[in-house]
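Reviewing the structure listed below.
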Amino acid sequence: MNPTRDLSRPQIMVVDDEKANLQLWTMLLSKEGFTVHAVEDGAEVLSLAQTDPPDLILLDIMMPHVTGYEVCEYLKSDLRTRDIPVI
């Protein structure tokens, strides 16, 4: 876990290849008190989720290179990330 992480604010990772969607989700969720990590690439999610697991991942399905389905499959097959809820 990140030692500077504010434990009083739930952490949500938003994954989408569309910058406008990331900006919208970041704005909306931040206003509600969440710490938001916006990620544009499905492959990047895996390393970030392993090093600093979020409380929830909002995952786009249609992305280039690695689809949301593939990312979810990798997350659920890894002991370090399999219990993270994915929507």
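Give me a count of the residues in region 64-83 that are closer than 12 Å to VAL15 by Cβ and in a loop (DSSP other than H, G, I, E, B).
The qualifying residues number 2.
Residues in region 65-87 that are open to solvent by 50 Å² or more (accessible area, probe 1.4 Å) and closer than 14 Å to GLN50 by Cβ: how many?
The total comes to 7.
Only one residue in ASP83, ASP16, ASP55, ASP6 is at pLDDT below 95 and charged (D, E, K, R). Which one?
Criteria check complete, one pass: ASP6.
Taking VAL15 and the conditions (1) touching a Pro at 6+ places or on another chain (Cβ under 6 Å); (2) in contact (Cβ under 8 Å) with a residue 40 or more places away in the chain, which numbered condition does it fall short on, given that it satisfies the others?
(1)
The values are calculated or read from the model by the stated rules, or taken from the named source; none is laboratory data. On a predicted model such as this, the values are computed, not experimentally measured, just so you know. Here Cβ is always computed from backbone atoms with ideal geometry, including for glycine, and neighbour counts include all displayed protein chains. We work out accessible area using only protein heavy atoms, side chains counted, and drop any ligands, DNA or RNA first. Shrake-Rupley method; radii C 1.70, N 1.55, O 1.52, S 1.80 Å.
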